[in-house]
Amino acid sequence: MRLLDRYNRVTLITTIIVMMITGIIYYQTISWILTNQIDKDLVVEENEVFDYVNLNHHLPQVFKSDDQQISFFPAPVNSVTRQFIDTKYFNVNEKGYESGRGLISSVMVKDKYYKILVVESKVETEDLIRIIFAITIGVILLLLVILLIINRLLLTRLWQPFYTITKDLKMFNVTDTNELQKVDTHIDEFKELNTAVISMASRVKHDYKDLKSFTENASHELLTPIAVINSKLDTLIQTDNFSERQSTILNDLYTSVNRLNRLNQSLLLLVKIENRLDHGHELIDLHALIMEMIALFDEIFQDKKLKLNCSLGPKNIHGSRYLVDILMNNLISNAIRHNYIGGEINIELTEQSLIIANTGESTALPNDDIFKRFHKSSRSEGTGLGLTISRQICENFGCSLNYQFVAPYHSFTILFTKQD
């Protein structure tokens with residue numbers, strides 16, 4: 001959820017809660033004020049009855065109007081308690097009962113005790129309360145809508161520098177020679193953020209250049225002594241006959257030098273892939289590419305008597321042909337290397353995925369470790385970087401490479417993205 005939407009949601013919820021609470025308090029306050037005013041009117045009527053009795057020594061004539069009624073009832077002496085009540089009274093014109101506010105009192109007339117009930121209509125008061133409350137709520141809602149609109153427009157404009165900075169970060173490429181530009185803003189926090197991002201990008205590019213230079217120099221420096229060692233070994237072999245022990249030692253030296261050479265090339269390739277230094281981008285027919293790979297490995301299939309089962313559908317992907325060649329070579333050679341004589345290899349290609357499954361050990365490999373650098377079995381003669389490079393290539397293409405063991409097959413699955 002975006003910060004602006006989150007802010008508006010919190011503001012809206014908070015405002016609604018506050019409005020509900022204050023609305024209840026506001027309604028009760030207005031109701032109390034207007035009811036208190038009615039009570040004062042009832043007291044005035046009560047005093048008029050008292051004045052009339054004191055002057056004329058008999059009860060005033062009983063009358064009923066649309067909004068006020070006065071009634072007298074004989075009662076035992078001192079049996080009436082003066083009080084205000086909410087009650088109902090019958091409206092003759094409306095021919096129905098309406099809510100009213102009443103005052104119960106008492107008066108003595110010629111030694112006779114009477115209960116007085118003065119009732120005044122609350123209909124107009126309640127209507128007035130509703131009108132005032134509705135107008136107030138309407139004004140508050142209008143102010144809330146205006147506030148939300150202003151907040152959205154104003155905050156969107158205020159946060160525009162932030163969106164510009166994040167856009168620059170998304171488009172940032174460590175190999176790009178262009179520097180990040182300063183964002184024009186009057187907000188101090190965004191100025192600090194922009195300065196920090198520009199500084200960070202500059203340091204990253206500087207460190208990348210140093211790392212790239214170091215890697216290239218290390219590669220060239222390693223290639224030279226490896227070539228010299230190979231040359232010296234070749235010369236040494238041609239000088240004289242060797243004993244069996246000497247031949248074994250020379251063979252071990254050759255194996256170690258070749259392994260060192262492969263390791264050097266794999267590490268350089270991995271650095272190149274991780275830093276996205278291969279910019280090749282073309283349409284690749286994966287079906288045809290796999291068939292070419294199978295043809296290259298045909299002799300090895302025959303030597304190990306491997307049974308190959310292929311189900312290849314049409315599939316085209318966009319990417320570097322060089323990297324896709326490496327990916328297919330790594331996965332197929334991995335299926336061959338970790339298979340046993342007379343085993344099986346199944347290759348299935350669809351629009352959604354590529355699955356390469358092979359027979360091998362009867363136990364599953366550690367799923368969390370097989371894609372880590374230099375992870376390999378004790379019997380493997382590889383560099384331990386093949387699957388690491390394969391997964392990194394898949395990630396560069398926006399795909400995923402997963403491992404699964406369903407006896408007796410070890411399966412590696414590439415899930416293609418929709419845009420492929």
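The values are calculated or read from the model by the stated rules, or taken from the named source; none is laboratory data. Please read these numbers as outputs of a predicted model, since none were measured by experiment. All Cβ positions, glycine included, derive from the backbone under ideal geometry; neighbour counts span all protein chains shown. The area values use the complete protein model at the heavy-atom level, side chains included, leaving out ligands, DNA and RNA. Shrake-Rupley method; radii C 1.70, N 1.55, O 1.52, S 1.80 Å.
For this structure, a couple of remarks:
- Any hit, segment 109-116, residues being within 59 Å of the chain's Cα centre (by Cα), surrounded by 15 or more Cβ atoms within 10 Å (Cβ to Cβ) and modelled with pLDDT of 80 or more: no
- Any hit, segment 120-140, residues being among the charged types (D, E, K, R), open to solvent by less than 90 Å² (accessible area, probe 1.4 Å) and in a helix (DSSP H, G or I): yes
- Residues that are at pLDDT 85 or above and surrounded by 15 or more Cβ atoms within 10 Å (Cβ to Cβ) were ranked within segment 185-197; the one that is farthest from T15 (Cα to Cα) is V197.
- Test: residue in segment 48-62 that is open to solvent by 30 Å² or more (accessible area, probe 1.4 Å), part of a loop (DSSP other than H, G, I, E, B) and within 30 Å of T136 (Cβ to Cβ): no
- Residues (modelled with pLDDT of 85 or more, among the small types (G, A, S) and buried (at least 18 other Cβ atoms within 10 Å of the Cβ)) located in segment 318-340: A335
- Selection within segment 166-184 - among the hydrophobic types (A, V, I, L, M, F, W, C) and open to solvent by 100 Å² or more (accessible area, probe 1.4 Å): M171
- Under the condition of being touching a Ser or Thr at 6+ places or on another chain (Cβ under 8 Å) and without any contact (Cβ under 8 Å) to a residue 24 or more places away in the chain, the residues counted in segment 183-217 number 2.
- Checklist (1) at pLDDT 90 or above; (2) over 21 Å from H318 (Cα atoms); (3) not β-branched (V, I, T) applied to Q265, failing item: (1)
- Being more than 30 Å from I135 (Cβ to Cβ), surrounded by 14 or more Cβ atoms within 10 Å (Cβ to Cβ) and not aliphatic (A, V, I, L, M) is a condition met by at least one residue of segment 29-47.
- Of the residues screened, T215 is not one that is of a type in the set (S, T, N, Q), open to solvent by 60 Å² or more (accessible area, probe 1.4 Å) and out of contact with any Pro (no Cβ under 9 Å at 6 or more places or on another chain).
- Candidate set: segment 351-360, residues that are out of contact with any Pro (no Cβ under 9 Å at 6 or more places or on another chain) and open to solvent by 40 Å² or more (accessible area, probe 1.4 Å); chosen: the one nearest to K304 (Cα to Cα): I355
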